[in-house]
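Here is the structure we will look at.
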Amino acid sequence: MRKLPVLVILFALMLSCTPSEKKDGLSIRDLRKSEQTENTAIEQKIDELLSQMTLEEKIGQMTQINNSQIVTESSWGAGADLSIVTKVDTAKLGNLLRKYHIGSFLNGIAETPEVWYQFYKDLQEYNLQVSRLKIPIIYGVDQMHGPNYLAGGTIFPHAINTACTFNNEFPANMAHVTANEVADIGHLWIFAPVFDLGRTPLWGRFYETLGESPYQAATMGSIFTKALQSDTTIAPYKIAASAKHFFAYSDPKSGWDRTPTDLSTQTLYELHLPPFRAAVEAGIESVMINSGEINGEPVHASYWILTDILRNELKFKGVAVTDWEDIIRLYRNHRVAADEREATLMAINAGIDMAMTPYTTDFCEHMLALVREGKISEERIDLSVARILRMKLKIGLFENPLPRNDRFDRIGTSEHKQLALEAARESLVLMRNENNTLPLTNIKKLLVTGPVANLKAPLGGGWTLRWINHDESLYPQSMLTPFEALQKEFSESAIVLAETEADVKAKAQGADAIVVLAGENSYAEGFGSIDDINLPAEQTKWIQTAISTGKPVILVLISGRPRIITDVYEKTSAVIFAGWPGFEGAQAIAEVIKGKINPSGKLAFNYPYKPNRLLPHNHKPTEVLLAHEIPNPVALAHFGEGLSYTTYTYSSLTLSDSILRADEAEIKATVTVTNTGNREGKEAVLWFLFDEVASLTRPVRELKFYEKKSIRPGESVQYSFTIKPSEHLWFPDKDNNRVLENGYFTLSVGNLKTRFRLEK
Ligand code: BGC
C-alpha cells in the first residue's frame, strides 16, 4: 500500500512523455549534437543529407536485409544447395531499393573473391543508380575467425583458442589478415569481435568468446577492434567492427542460446559490462544487441540497457543494430508486445538504430505508420540515421563505394597462413603429460583413432565457409586432417588409422602409442545446445578401449568447449585441449605431439571436473567452503594452467611499495621467471588479485594482467605489473557506483603470493 502513491506518480510521469522523448539524460537534439565528431566535412554531409531525405529514405537506412532476399537463388542457411553462386537478382533488389531504400544488407557463404566482387559491384552500382542521394549500401558479414566466408581465405582458430594463447599479438594479426582479405570485396562491416564471456560451457557459443575473464575479453577484444578499424594497408577502404552481443548474452540460466539470463545487477556491472566499456573506449563503430532477456527485460526492448547503460553510461556514439529478427521476437517469442508494430515502437524507444529484420520489409511499414501516428518523432529517426550515415562516412564508403579486384593475390597467402598457424600452435593447451610422454620420440608405429581423427570440419568449427558446415568436400584440398598431419610430421614412422572403435585393439598391436582425437563436430548458435556437458558416452568408451590396450594414450580434444573427461583423464598419458584451431590446426597439433613446437597455451577458463560444478576462476569464496562435503576438486584443470616441454621457476616477487595512498598511486610488482629446463619456451605470466576484506563478497582471485615472453634455457626474465587503485582495486555495487575500499589485497603470480595495502 505504501508504494502506491509512488507508482501512481511514476505512471503519470510516463504518460506525460511522448514515447520518443528521453526520460532522462540529454534531449534527442542534444544527444545528436553530443555525438558529432570533429570532422566538420562529415557532420556537414550528415546534416545536408538529412535535410534532403524523405522519411521513407531515412527508414530505409535503418533497415538491414539478408542477402537471401536479393540473390538469384538462396544459398543461405544450413543444408543449402552448395552449387549455388551468389548473384544479384536485380528484380528483387530493385523492389527493395526503389520502394524501401534499404541501406544495408548482410551475410552470405564462402564464395570466391571473384564471385563476391561481382556480387558487391552489381549491388552497389545498382544502388547508386537508384539512390536519389547516392547513399552507398553498407554490407555486414560475420567474418569471425579470419575471413570465414571467403573461399580460399585464411581461417584462424576461434576466439577461445586466441584467448588460450595469452598472446596479444594474435587478435591483432587476425584482424589484419581479415581486413586484408575482405576489404576489397566490400565486406566493410564486420560482425566481430565477440565481447561476451565464456562463463558456462553449456552455452553453444562458448568458442566464440575470449574466455571467462572480463579483463582478458576486454583486452583482446579491444586489440582486435583497433587493429581491424585502423588497418591502413587496406586503403582506400576502412572497416567498421561490431561488438557482440550487448550484453550478458553468454550466461543464460539453462546454458541454451537465447534463453533467459537472471543475474544480479552487481554481477552484470562487474563481469559483463567491462568488455563492452572497453569496446566503446577502443572506438568501436557499432554494437549488436543481445537477443535474450535479462532479469525479465528482453534486451531489445530495454531502455535501461540500450540507453541508460549504452548511451548515458558508456557514452557509445555509434550504431546499435539488432540481432537476427529480434524485433519480431519481441512479440513472437518474448511476448512483451502484442504485434510487430508495438515491438518496433518498443525497440526504437529503447534505443535501436538499425533492424536486422532480416527477411521482410515490414519494419519499414511499421516505422512509417508509427511516425505518421505521432508515436515516433522524425527527430528520433534523425538521431539513428545520423549515426548510420556517420559510420558510412567515417569508413569512406561515399568516396569508395565500389570493390576492386586487382589485389586478390593478398588472399590466403603463405604469410597469412603462417600467422594462423602460429596462433593455432600457441593456442594448444597441454593439460597433462605423465612421465613426459610428449613429445613422442622413437616412434615406429603410431595408432591414430577417434571420431574426429580424420575430419576437417571440427578443426574449423562453427561459422566456417557456411554457418554450419559438415560437408567435408567443401574444405580446401590442401587442408590436413589430424591423421594426415601426423602422417606428414612422422614421415619415418608407420602411422595407422583405426576408423572405428572396433578396429582399435587389433590395430594397436605393435604400436608405441595411441593418439585419440575426440570432441565435437562443428555447430553454431542454438545448434550448440546440449543437455549433457559430459563427453558423449560413446566417445568416452572409445577412449577407454584405447586405454585398455595398455599403450600410452594421448587424448586430443578438438572441441568448441570443455566436455567432461574426468573418468578417463588419469588413465591417459597426455591430454591436449585443442579447441577449434582453424585450418592450420592439424599441423599445429602434429607439431606439438612431435615436439617441433614447445606448447605454451594456457586455459582461458576452468576446465570442469563434474557437470554440476561449473565454476570460473573468479568464483566467490563460499562456493568452495563446503569442500569437506564435496570431495571433488573445483576444476579438472584451472584457468591459467598449461604445461610446456620445459620448466619454469618463479622467484623474487617484489613490490616497489607496500602501501597505496591515493587512487592514482602505483605499486610496481616484479617477478623473475627462470627457464629451468632445456628447451626454449614462451611463458605467459598471469597476475591475480584478491581483495581480502570488503563490503561485498569478492572473487577468490581475478585475472588483472598478463604478458607472454620467450625464455631461453637457463635464462631468467623479469615480468612486471603496475597496480593502480583506480584501475585494479575497485568494484561496482548493485547501482554501478565505484567502490574502492581500504585494506589488504593479495597479489598472486605462478606459485608466489604477497600482500599490499590501500590506505587513503
Ligand atoms: C547471430 C549473430 C550474427 C547474426 C548475423 C545472429 O543469429 O547471433 O552473432 O552476427 O546472426 O549473421
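Judged by the ratio a/c of the largest to the smallest principal axis of the C-alpha gyration tensor, the range 281-388 counts as oblate, that ratio being 1.5 or greater while a/b is no larger than b/c. Taking 22 Å as the straight-line reach from the Cα of residue 541, the lysines in range (excluding those fewer than 8 positions away in the same chain) are 505, 507, 551, 571, 610. Determine the shape class of the range 428-624: with a ≥ b ≥ c the square roots of the Cα gyration tensor eigenvalues, call it rounded for a/c under 1.5, and otherwise prolate if a/b is greater than b/c, oblate otherwise. Oblate, because a/c is 1.5 or more while a/b does not exceed b/c. Among 254, 291, the ranking by other beta carbons within 10 Å of each residue's beta carbon, starting with the fewest, stands as 254, 291. Inverting the pair-averaged 1/r between distinct Cα atoms of the chain gives 27.3 Å as its Kirkwood hydrodynamic radius.
Just in the range 598-671: which GluC sites (Glu not before Pro) are loop by DSSP and have at most 12 other Cβ atoms within 10 Å? Filter output for the range 598-671: 629, 664.
If r is the Cβ-Cβ distance from residue 622 to residue 734 and R0 is 22 Å, what FRET efficiency results, to the nearest 0.05? Computed FRET efficiency for residue 622 and residue 734: 0.75. Applying both filters, DSSP loop and at most 12 other Cβ atoms within 10 Å, to the trypsin sites (Lys or Arg not before Pro) of the range 125-227 gives 132, 134. Measuring r between the beta carbons of residue 655 and residue 444 and using R0 = 51 Å, the FRET efficiency lands at 0.45. Once R0 is set to 22 Å, what does the formula 1/(1 + (r/R0)^6) return for the Cβ-Cβ distance between residue 499 and residue 434, expressed as a FRET efficiency to the nearest 0.05? Calculated value: 0.20.
In this label model, residue 571 and residue 30 are separated by 6.9 nm, measuring between points 7 Å along each Cα→Cβ vector. So, with +1 on the Cβ of K and R and -1 on the Cβ of D and E, and no other charges, what is the size of the charge dipole of the range 675-749 about its Cα centre, to the nearest 20 debye? Rounded to the nearest 20 debye, it is 300 debye. Using only alpha carbon pairs under 8 Å that are at least six residues apart, calculate the relative contact order of the range 269-428 and give it in whole percent. This gives 19 percent for the range 269-428.
Extension gain for residue 665 to residue 718 (0.36 nm times residue separation, less C-alpha to C-alpha distance): 16.9 nm. What number, in percent, do you get for the relative contact order of the chain if the mean sequence gap of Cα pairs under 8 Å and at least 6 apart is divided by its residue count? Contact order relative to length: 13 percent. Neighbours of residue 257 by Cβ distance under 10 Å: Lys/Arg scored +1, Asp/Glu scored -1, total +1.
Taking packing as the residue-averaged number of other Cβ atoms within 10 angstrom, the listed peptides 57-63, 634-640, 544-550, 513-519 run from highest to lowest as 513-519, 57-63, 634-640, 544-550.
So how tilted is helix 362-372 from the main axis of the chain? Cα-based, degrees 0 to 90, rounded to 10. Taking Cα atoms only, the helix is inclined about 40 degrees. Label point of residue 56 set 7 angstrom out along Cα-Cβ; within the range 357-377, amide nitrogens under 19 Å from it belong to 360-374. Compared with the direct C-alpha span, the chain from residue 492 to residue 755 gains 89.3 nm at full extension, assuming 0.36 nm per residue. Highest mean packing first, where packing is the average number of other Cβ atoms within 10 Å per residue, the peptides 414-423, 232-241, 383-392 line up as 383-392, 414-423, 232-241. Under 5 Å from the amide H of residue 63 lie the amide H atoms of 103, 104, 355, each residue being 5 or more positions distant or on a separate chain, with H modelled from the backbone and absent for Pro and chain starts. Under the combined filter of DSSP loop state and at most 13 neighbouring Cβ atoms within 10 Å, the range 667-760 retains these GluC sites (Glu not before Pro): 692, 715, 759. Hey, quick one: spin label on residue 679, modelled 7 Å out along Cα-Cβ, who in the range 589-620 has an amide N within reach, i.e. under 16 Å? 589-602, by backbone N distance to the label point.
In this simple spin-label model, placing a label point 7 Å from the Cα along the Cα-to-Cβ direction at both residue 406 and residue 128 gives a separation of 1.6 nm. Note on residue 281 and residue 746: their simple-model spin labels are 2.7 nm apart, each label 7 Å out from Cα toward Cβ.
Remark: the Cα gyration tensor places the range 648-758 in the prolate category, a/c being 1.5 or greater and a/b exceeding b/c.
No lab work stands behind these numbers, since they all come straight from the coordinates. What you are looking at is a predicted structure, and each value in this text was computed from that prediction instead of being measured. Every residue, glycine as well, gets a Cβ built from its backbone with ideal geometry; the counts of neighbours run over all protein chains shown.
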